[in-house]
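Just below is one structure, and these are the notes that go with it.
Taken together, the values in this text are just the output of simple stated rules run on the coordinates, not laboratory data. What you see is a predicted model, and the numbers here were worked out from it, not measured in a lab. Methodologically, a virtual Cβ is constructed for each residue, glycine included, from the backbone with ideal geometry; neighbour enumeration extends over all protein chains shown.
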Amino acid sequence: MGIEPNDINKETQEKREQAEKIKSDIRGLEKELEKIQQDCLHHDYEIKNCQTSSSGFLLKRVCRRCTKDIGFPTQEEIKHWTEN
């Protein structure tokens, strides 16, 4: 009547395979994004408030076309950003 050990092992294996497929898909998508961003000329950007790894935020220049972080804004860009 209860769950058989073989059922648990089968379910565990299925979940592991699903997790590995998802990880593989993510790696593939990250490579695709990297290629898009490498090929982009970053002619048009916007200033965005981006979250940092330490739960803080920084203003960054972000390409409008490929969404790559392309650096920090100038003081004038920050002033303009805060006024809008």
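Summarising the amide proton neighbourhood of Y45: residues at separation of 5 or more, or on other chains, whose placed amide H is nearer than 5 Å comprise R64.
Couplings 3J(HN,Hα) of segment 65-72, computed from phi: 7, 10, 6, 6, 5, 10, x, 9 Hz, in residue order, whole Hz [Karplus 6.51 cos²θ - 1.76 cosθ + 1.60, θ = phi - 60°; x for Gly and Pro]. Spin-label model, K15/D69: points 7 Å from Cα along the beta carbon direction are separated by 3.3 nm. You can think of it this way: the chain between C40 and I78 has 11.3 nm of extra reach, that is 0.36 nm per residue less the Cα-Cα gap.
Per-residue ellipticity at 222 nm from helix content only, as computed over the chain with -39500 (n - 2.57) for each DSSP H run of at least four residues, stands at -18500 deg cm²/dmol. Restricting attention to the chain, the count of lysine pairs at 8 or more positions apart or across chains with alpha carbons under 24 Å apart stands at 20. Under a model in which nothing but the beta-carbon of Lys, Arg (+1) and Asp, Glu (-1) is charged, the chain shows a dipole of about 240 debye around its Cα centre.
For segment 16-84, which chymotrypsin sites (Phe, Trp or Tyr not before Pro) are in a loop by DSSP, counting at most 15 other Cβ atoms within 10 Å? Qualifying residues, ordered by number: none. Helix 5-39 and the longest principal axis of the Cα set of the chain meet at an angle near 20°. Taking amide H as placed 1.01 Å from N in the peptide plane, the amide H of I70 sits under 5 Å from that of R61, V62, C63, each at least 5 places away or on another chain. Using only alpha carbons, segment 7-84 has a radius of gyration to Kirkwood radius ratio (Rg to Rh) of 1.24.
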